[in-house]
Amino acid sequence: VLVESLLVFSVVLSVHAVVWDRFSWCALALAVQAFYVQFKWDRLLQQGGAVFQFRGAASSGLLPASMVIPLLGVVMKERCRAAGIVYFERFGVVVASTGMLLALFLSVLAVGITKPVPTNTCILTGVAGSVIIYTMKHSLTVSEVIEVLEVLLIFVYLSMILLYLLPRCFTPGEALLVLGGVSFVLNQLIKRSLNVIEGRGDPIDFFLLVAVVGVVLLGLFFTVLFTFMDSGTWISSLFFHMMTAVLGLGVIMPWLYRLIQRNPLFWLLQFLFQTQTRLYLLVYWTFLAASACGVVFYQNAKRSSESKKHQASTITRKYFHFIVVATYVPGLIYDRQLLYVAAVLCLAVFIFLEYVRYFRIKPFGQTLRYLLSLFLDERDSGPLILTHIYLLLGMSLPVWLFPRSCAPTGTLPGAGALVPYSGVLAVGVGDTIASVFGSTLGEIKWPGTKKTFEGTMTAIFAQIIAVALILIFDSSVNLNSSYAWILASVSLVSLLEAYTTQIDNLLLPLYLQIMLMA
């Protein structure tokens with residue numbers, strides 16, 4: 001935990017050195033108090049004193065999770081300020097302020113339920129909170145303050161509902177990242193739905209917002225419903241499929257129609273088959289999806305009937321990382337907008353299939369439970385299987401969060417040109433190579449972890465090779481001699497992979513994106 005915290009502080013100081021303003025000072029204050037409060041959360045988890053049941057065998061992860069959203073907002077604000085896009089500069093300010101307030105709320109919660117009350121930590125939290133609130137008072141307009149408080153309110157209610165319904169699925173840090181992100185998306189969707197006359201925004205952005213909120217609301221609806229009835233019967237399954245169609249066609253489609261001002265299905269079909277390149281990519285991705293399904297069926301066919309608890313090896317699970325890299329790289333090179341929309345569709349399908357598996361919806365629920373049980377690891381300790389969804393999110397978030405409006409040429413200058421590739425580099429290449437080489441050839445372990453020195457070094461080397469290949473095949477990438485910063489960013493994130501106990505598929509791409517955008 002100490003080394004993980006040191007690495008996070010290194011990222012915060014690196015961003016602070018580049019972006020020297022009041023929000024970077026707030027980020028420093030937040031990091032210091034989150035470091036102290038993190039140990040209070042860890043103690044609560046060990047003693048079973050936390051309000052909800054969190055994922056075991058992992059630290060609270062408060063510090064690394066607390067810094068992600070604020071730092072993303074800070075670097076986005078700076079990039080858009082340099083591009084002269086005032087609207088998105090203010091958006092970055094709102095993102096940073098929201099992230100700081102959510103992290104501060106989680107810290108106050110931990111301090112409040114710790115007995116006896118930790119005096120020194122209370123003082124630190126009070127000082128950091130005063131600095132953040134003072135900065136927000138002098139940086140945000142009244143409407144922006146209201147927006148930040150709306151996200152906080154949504155986050156509080158969403159946390160109480162989902163952490164109660166889904167025990168042992170998240171650590172406190174992962175809950176902050178996932179539920180904070182969903183709360184922000186929901187608030188943005190409500191805001192844009194009310195101000196649709198302004199005509200701001202790209203249809204693909206609206207598609208992302210509606211898809212995320214739609215699948216979350218669908219899950220909440222069926223979770224409440226199936227507490228009163230058995231979800232495994234044919235009648236319940238029929239009702240599930242019927243209500244999914246009703247909610248999709250009766251709520252989500254009209255909502256999307258209001259936002260994009262055209263028929264969503266016709267728009268989607270026209271978008272997907274607009275060019276011949278897109279047709280080739282869709283055929284190629286269909287082949288890769290079939291290959292991934294083939295891996296699942298083949299590994300299950302090999303499952304030994306004598307083995308009571310046969311699990312797929314680490315190397316076997318990394319097959320999917322290679323398939324995902326082969327999926328994303330052509331999309332990033334040839335058509336990023338298509339990749340953006342395809343990733344949204346894939347996320348919706350993954351979450352829907354997880355609902356089918358979790359609720360045992362006929363005819364495929366029980367089959368999915370059997371097939372996917374082979375690929376479980378220690379992080380899937382709750383009722384949901386989330387690692388494959390986290391892998392998709394880790395690869396997609398750098399594409400979705402790329403500030404397209406602040407990059408008129410379609411790419412950012414310098415190391416920022418690699419921002420959409422953050423997921424490919426950190427998870428697809430770095431994490432995969434570290435796991436494969438570390439588990440097969442690694443002998444020297446990092447102190448206090450199961451990860452090896454050899455795995456980390458080969459991961460860094462592999463990512464440097466990947467950057468060189470991106471430079472060769474993607475003509476839009478021009479690094480402008482920022483190689484030292486790229487090497488430092490890749491090295492920091494690879495070391496973080498070795499020491500973090502959080503979901504690395506989600507955390508590592510975001511930290512690499514922050515460093516590259518800075």
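Numerical summary
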quantity	calculated
Protection proxy ranking of 473-481, 214-222 - average other beta-carbon atoms within 10 Å, highest first	214-222, 473-481
In sequence order, calculated HN-Hα J values of region 160-170 (Karplus, 6.51, -1.76, 1.60; Hz; x Gly/Pro)	4, 6, 6, 5, 6, 6, 10, x, 6, 8, 9
Enclosed volume per residue, in Å³, of the convex hull spanned by Cα atoms of region 331-487	148
Region 153-236 - Rg over Rh from alpha carbon coordinates, Kirkwood radius	1.06
222 nm mean residue ellipticity, helices alone, for the chain (DSSP H n ≥ 4; -39,500 (n - 2.57); rounded to 500)	-24000 deg cm²/dmol
Largest-first ellipsoid semi-axes for region 1-170, taking √(5λ) over the Cα gyration tensor eigenvalues, angstrom	28, 18, 15
Convex hull of Cα atoms in region 221-302, direction-averaged projection (nm²)	8.6
Region 316-397 - Rg over Rh from alpha carbon coordinates, Kirkwood radius	1.01
At 0.692 mPa s and 37 °C, Stokes D of the chain from Kirkwood alpha-carbon radius, µm² per second	138
Cα-centre dipole for region 1-170 with unit charges at Cβ (Lys and Arg positive, Asp and Glu negative), debye to 20	240
Estimated translational D of region 1-67 in µm²/s (Stokes, Kirkwood radius over Cα pairs; 10 °C; 1.306 mPa s)	124
Around ARG379: net Lys/Arg minus Asp/Glu count, Cβ-Cβ under 10 Å	-4
Cα-based Rg of region 145-197 normalised by 2.2 N^0.38 Å, two decimals	1.24
In order through region 337-342: 3J(HN,Hα) via Karplus (6.51 cos²θ - 1.76 cosθ + 1.60), integer Hz, x for Gly, Pro	5, 5, 4, 4, 5, 5
Long-range HN-HN contacts of LYS445 with modeled amide H, under 5 Å	PHE453
Local electrostatic count, VAL324, Cβ distance below 15 Å [Lys/Arg +1, Asp/Glu -1]	0
Reduced Cα scattering model of region 388-457, Debye log10 I(q)/I(0), q = 0.25, 0.26 Å⁻¹	-0.99, -1.03
Calculated P(r) tail over 14 Å for region 371-421, as whole % of Cα pairs	62
Burial ranking of peptide ranges 314-320, 241-247 (average Cβ count within 10 Å, highest at the top)	314-320, 241-247
Zone of LEU441's modelled label, taken as backbone nitrogen in region 480-502 under 19 Å from a point 7 Å along Cα→Cβ	491, 494-495, 498
Candidate lysines - alpha carbon under 29 Å from LYS362, same-chain residues fewer than 8 apart omitted	LYS302, LYS308, LYS309
Proximal aspartates and glutamates to LYS445, defined as alpha-carbon separation beneath 19 angstrom and excluding residues fewer than eight positions away on the same chain	GLU4, ASP431, GLU454, GLU497, ASP504
Relative packing of peptides 12-21, 95-104, 330-339, 264-273 - highest average C-beta neighbours within 10 Å first	95-104, 330-339, 12-21, 264-273
Region 239-271 and region 99-139: distance between their alpha carbon centers, rounded to Å	42
Debye, to nearest 20: dipole size of the chain, +1 on Lys, Arg Cβ, -1 on Asp, Glu Cβ	640
Calculated P(r) tail over 19 Å for region 437-495, as whole % of Cα pairs	39
Under the Debye formula (equal points on every Cα, no solvent term), log10 I(q)/I(0) of region 422-470 at q = 0.13, 0.19, 0.26 Å⁻¹	-0.27, -0.54, -0.86
Between region 436-510 and region 60-81, the alpha-carbon center distance in angstrom	20
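Every number in this text was worked out from the coordinates using simple rules, so none of it is lab data. This structure is a prediction, so every number in the text was calculated from the model and none was measured. Cβ sites come from the backbone with ideal geometry, for glycine too, and all protein chains shown count toward neighbours.
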